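Everything on this sheet refers to the single structure shown next.
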């Protein structure tokens, strides 16, 4: 399944959606994630220990985080799970902008990735 097909799957199965800053965040049920789980690779992530997965593309990929009953997903740049030096792209395009945005807005990163009720 291509990255585009994976994202369409997430979009079609979404139970919640937000667009807090520059990209869409979606949540799907854990049950709906199971058919596409083989397309994701677990990664070491200090913020989401044991719960972070990334799709296979090197640059534009999908980052999924197991949040119990739901899986949170968004598009990312620079797949550090595939090639660690791509973490620099990830830092520049994904991490730093959100750190700045949440700091300026006075909100926590955790609140940004919580499933809306």
Over the chain, what relative contact order in percent results from Cα pairs under 8 Å that are six or more residues apart? 22 percent
Can you tell me which of 83, 25, 72 moves the most in a GNM of the chain? Springs connect C-alpha atoms under 10 Å apart. 83
Go through 60-67, 2-9, 106-113 and give me the packing order, highest mean Cβ count within 10 Å leading. 60-67, 2-9, 106-113
How many angstrom separate the Cα center of segment 1-36 from the Cα center of segment 65-117? 15 Å
With n ≥ 4 as the cut-off for DSSP H runs, can you work out [θ] at 222 nm for the chain, using -39500 (n - 2.57) per run divided by the number of residues, rounded to the nearest 500? -7000 deg cm²/dmol
Where is the GNM fluctuation largest for the chain (alpha-carbon springs, 10 angstrom cutoff): 73, 16, 81? 16
Quick one: if you stick a label point 7 Å off each Cα along the C-beta vector at residue 103 and residue 1, how many nm between them? 3.7 nm
State, to one decimal in nm, how far the label point of residue 69 lies from the label point of residue 117, with both points 7 Å from Cα in the Cβ direction. 1.2 nm
Largest first, please: the extent of the C-alpha atoms of segment 44-108 along each principal axis, to the nearest Å. 33, 31, 18
Among 11, 27, 101, residue whose mean-square fluctuation peaks in a GNM of the chain (springs only between Cα atoms under 10 Å): 101
How big is the Rg/Rh ratio for the chain, C-alpha atoms only, Rh by Kirkwood, two decimals? 0.93
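Quick note: the coordinates plus some simple rules give every number you see, no bench work behind them. Predicted, not measured: the structure shown is a model, and the values here were computed from it. Ideal geometry is used to build each Cβ from the backbone, glycine not excepted, and the neighbour counts take in all protein chains shown.
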